[in-house]
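Single-structure report; data block below.
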């Protein structure tokens, strides 16, 4: 790894870890609504996911995508499908919750 790559990965890790993004807002809302004990699994999941992302980027996952662009396209399609499934379930459970009240 060249020094330029090292600094790029270090800057990416710093920015994604230190900025207040949607995860921090969700932590605050979850902590206020459910308490710290019930929010801890959420916090652990986000931190493990972010740590995994940093590790994979540091190990050169970007180079894999540069060498195999089809893999990146496949992952985009899979992610889109997964997001549509999540959207469906969120809408479904919201409707169930609204009609229940």
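In terms of the Cα gyration tensor, with a ≥ b ≥ c the square roots of its eigenvalues, is the stretch 44-101 rounded because a/c is under 1.5, prolate because a/b exceeds b/c, or oblate?
Oblate is the answer for the stretch 44-101, as a/c is 1.5 or above yet b/c matches or exceeds a/b.
In degrees between 0 and 90, to the nearest 10, how far off the longest principal axis of the chain does helix 36-58 point, with axes built from Cα atoms?
Result, in degrees: 20.
For the chain, what does the helix formula give at 222 nm: sum of -39500 (n - 2.57) over DSSP H segments with n ≥ 4, over the residue count, nearest 500 deg cm²/dmol?
Calculated at 222 nm, the ellipticity per residue is -30500 deg cm²/dmol.
How are the C-alpha pair distances of the chain spread across 5 Å bins, as whole percents from the shortest bin up?
Using 5 Å bins, I get a P(r) of 2, 10, 11, 14, 20, 17, 11, 7, 4, 2, 1, 0 for the chain.
Computed from the coordinates by the stated procedures, all read-outs in this text should not be read as laboratory data. A quick note: this is a predicted structure, and the numbers were derived from the prediction, not measured.
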